[in-house]
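Participant: The structure is given below, and queries will be raised subsequently.
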Amino acid sequence: MQNQGTEAKLGRLPSLTGMRFIAAFIVFGFHINSAGLWPYLDVPFRQGATGVSFFFILSGFVLTWSARPETTARTSWRRRAAKIYPNHVATWLLVLLVDAVTPGAALANLSLTQAWVPDESVYFSLNTPAWSLSCEMAFYLAFPLLIKWQMRKPWLIASGTVIAILTVPLIALSMPGPLEYWFVFVFPPVRALEFVLGIAMARVVQQGRWIGLGLWPATALFAVAYVGSWYLPASFPYVAGTVIPLALLIPAAAVADLSGRWSPWRSRVMVWLGTVSFAFYMVHQIVIRVAEKFLDVHAFPLAAALGMFAASMVAAWLLYRVVEVPAERFLRAPRPARIRRASPRTAPPAGRPAASPNGPSSRGRGAATDRTAGPAARQRPALP
C-alpha cells in the first residue's frame, strides 16, 4: 500500500474526463441493443447500464477531489445546478413538444424528482436518461454535509459501503418485480451508496493510501466483471456485480494521471469526447426514438446504429456549444459586488478623498483580485 504520509496534491485528472465518454457510449449501446437493432450488439452492450454506476461513483470522487474549504453550500449547489439544468431543461422542452405525458410526470421530470416515484411511467418519462440526474441532484444536495466527513479510515468506509451495496439485492428479493427494479436501480438513497463510495475512494488517493493497483489491471478486472455480471442471479447484475471493479478503476486512472504514467483516456481526442459526453448522454435516446419513429431502422440495422451515433454526436456538440457552455458560464458567474452608497455616517470628511474600494494599498490600475482563485481552482477536472 502506498502511504505517503501527507495528502496527495490536487492535480488535473484528464483520464477521468476521457473515461466519461466510454461510460456514456456503453449506455448508448445499451439503448441501441434494447431497440433490437443488431443481435451482435447484445454481448458487448447488454450490461451498458453499468455506465450509470460509473457516473455515480465518479461524481463522488471528483466532487471530493475538487472541493475547497471556502466553498459554501449555496455556491456548491449553484455550480452543480448550472452544470446539469441547462441541458436537462433544453432536452425536456424538446421531448415535451413531441411526446404525450401526464402533467404530473412532466413536472416531476422537470424538477428532477422523478426517481423518487416507484412508477416507470414517471421515472422513465420524457427523456429517459434524466432519471439519473434526479439521483445526482439528491447527491449534490447532500454533498456539503458529506464533504465535512474527513474519513480518517477511508478503506473501512469504502468496504462498509460495498457491503451495503451487495446487500441491496438481497433486501429486494421479497419485492414485486417492478418495485424490486426501482429499489435496486433507480431509488436515490440506494444509489447514493455509490456516490459515498466515490467520496471514500477520493479520500484514499488524497491521503496516499492507494494500494498501487495499475490502470491496466484495474481495466481488465472491470472488463471481466462487466461481461460476467450478466450471469449473476436476481438483481445483482444491475449494480452489485460491477461496483468493486469500478471503485478500483476510477482511482487507478486518477493515480496514473498524478504519477504521469501513460493512459489512453487522456489523449486530446478522448478529453474532447469526455467534455461533450454529458450532452451526448442527454440527447442520444432522443435521436434513437426519432429514428425509430420516422425511419425503417431494422432494414439496415448496422447502418442505422452508426447513423444514430453520428447524429447523436452532432446533436451533442450543438447542445454543448449552444446551451451547456453559455448557460453554465452565465449561471456560475459571481454576482457583481454591491457598492455601498456614502451616507452621512460613512461619507469622508470634507476635503479628504474617499478611500479606494480596493483598499489603501491599491495603486496603478487598482483592480481587485480574487486571491482564492489559485492554480488549483483553475485545474478542477470536468464534472459529470
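Participant: Return the total of residues in the range 99-123 being touching a residue at least 24 places away in the same chain (Cβ under 8 Å), farther than 21 Å from VAL27 by Cα and either in contact with a Lys or Arg (Cβ under 9 Å, 6 or more places away or on another chain) or assigned to a helix (DSSP H, G or I) (or both).
Facilitator: Here the count works out to 2.
Participant: Something else about it: Do we find a residue being under 13 Å from the mean Cα position of the chain (by Cα), under 20 Å from PRO188 (Cα atoms) and in contact (Cβ under 8 Å) with a residue 60 or more places away in the chain anywhere in the range 73-81?
Facilitator: Yes, the conditions are met somewhere in the range 73-81.
Participant: Go through LEU126, LEU94 for me and flag whichever is of a type in the set (A, V, I, L, M, F, W, C), in a loop (DSSP other than H, G, I, E, B), under 21 Å from ALA315 (Cα atoms) and in contact with a helix residue (DSSP H, G or I) (Cβ under 8 Å, 6 or more places away or on another chain).
Facilitator: LEU126
Participant: Moving on. SER15 - would you say it is at pLDDT 95 or above, among the polar types (S, T, N, Q), out of contact with any strand residue (DSSP E or B) (no Cβ under 8 Å at 6 or more places or on another chain) and over 18 Å from PHE185 (Cβ atoms)?
Facilitator: yes
Participant: Let me ask you something else. Starting from the range 43-66, keep only residues that are within 18 Å of ALA253 (Cβ to Cβ), then list their pairs with residues that are among the aromatic types (Phe, Trp, Tyr) whose Cβ atoms are within a distance under 7 Å, requiring at least 6 positions of separation or different chains.
Facilitator: Pairs found: THR50/TYR226; PHE56/PHE195; SER59/PHE139; SER59/PHE195; GLY60/PHE195; LEU63/PHE143.
Participant: Here's another thing I want to ask about it. Checking LYS148 against (1) without any contact (Cβ under 8 Å) to a residue 12 or more places away in the chain; (2) part of a helix (DSSP H, G or I); (3) not β-branched (Val, Ile, Thr), which test does it fail?
Facilitator: Condition (2) is where LYS148 drops out.
Participant: Of all residues being β-branched (Val, Ile, Thr) and either surrounded by 20 or more Cβ atoms within 10 Å (Cβ to Cβ) or without any contact (Cβ under 8 Å) to a residue 24 or more places away in the chain (or both) in the range 222-241, which is farthest from PRO44 (Cα to Cα)? Just the residue, please. Working first, answer last.
Facilitator: Kept after step one, since they are β-branched (Val, Ile, Thr), are these residues of the range 222-241: 224, 227, 239.
Checking the rest, the ones that are also either surrounded by 20 or more Cβ atoms within 10 Å (Cβ to Cβ) or without any contact (Cβ under 8 Å) to a residue 24 or more places away in the chain (or both) come to 224, 239.
Working: VAL224: 12, VAL239: 17 Å.
Step by step, filter the range 222-241, then rank; the result is VAL239.
Participant: With respect to ALA202, determine if the residue is over 23 Å from TRP65 (Cα atoms), at pLDDT 95 or above, in contact with a helix residue (DSSP H, G or I) (Cβ under 9 Å, 6 or more places away or on another chain) and not in a loop (DSSP other than H, G, I, E, B).
Facilitator: no
Participant: Filter the range 161-195 down to residues that are of a type in the set (D, E, K, R) and surrounded by 21 or more Cβ atoms within 10 Å (Cβ to Cβ), then give me how many there are. Working first, answer last.
Facilitator: First, pick out the residues of the range 161-195 that are of a type in the set (D, E, K, R): 180, 191, 194.
Restricting the remaining residues to those that are surrounded by 21 or more Cβ atoms within 10 Å (Cβ to Cβ) gives 191, 194.
Of the residues in the range 161-195, 2 are of a type in the set (D, E, K, R) and surrounded by 21 or more Cβ atoms within 10 Å (Cβ to Cβ).
Participant: Assuming SER263 fulfils every condition listed in (1) touching a Ser or Thr at 6+ places or on another chain (Cβ under 6 Å); (2) under 30 Å from THR91 (Cβ atoms) apart from one, which condition is it?
Facilitator: (2)
Participant: May I pose another question? Report the residue count in the range 242-262 for those that are surrounded by fewer than 23 Cβ atoms within 10 Å (Cβ to Cβ) and not in a helix (DSSP H, G or I).
Facilitator: Number of matching residues: 3.
Participant: Still on this structure: For the range 206-221, which residues satisfy the criterion of being closer than 15 Å to LEU16 by Cβ, of a type in the set (A, V, I, L, M, F, W, C) and without any contact (Cβ under 8 Å) to a residue 40 or more places away in the chain?
Facilitator: Scanning the range 206-221 gives a single hit, ALA218.
Participant: Here's another thing I want to ask about it. Give the range 206-221 a look and list any residue that's buried (at least 21 other Cβ atoms within 10 Å of the Cβ) and either of a type in the set (Gly, Ala, Ser) or under 19 Å from the mean Cα position of the chain (by Cα) (or both), or say none.
Facilitator: Within the range 206-221, ALA218 is the sole residue that qualifies.
Participant: Also, quick follow-up: Would it be correct to say that SER312 is buried (at least 23 other Cβ atoms within 10 Å of the Cβ), of a type outside the set (Phe, Trp, Tyr), touching a residue at least 40 places away in the same chain (Cβ under 8 Å) and under 26 Å from LEU215 (Cβ atoms)?
Facilitator: In short, no.
The values are calculated or read from the model by the stated rules, or taken from the named source; none is laboratory data. If you're wondering where the values come from, they're calculated on a predicted model, not measured in any experiment. Reconstructed Cβ throughout: ideal geometry from the backbone, glycine too, with neighbour counts over all protein chains shown.
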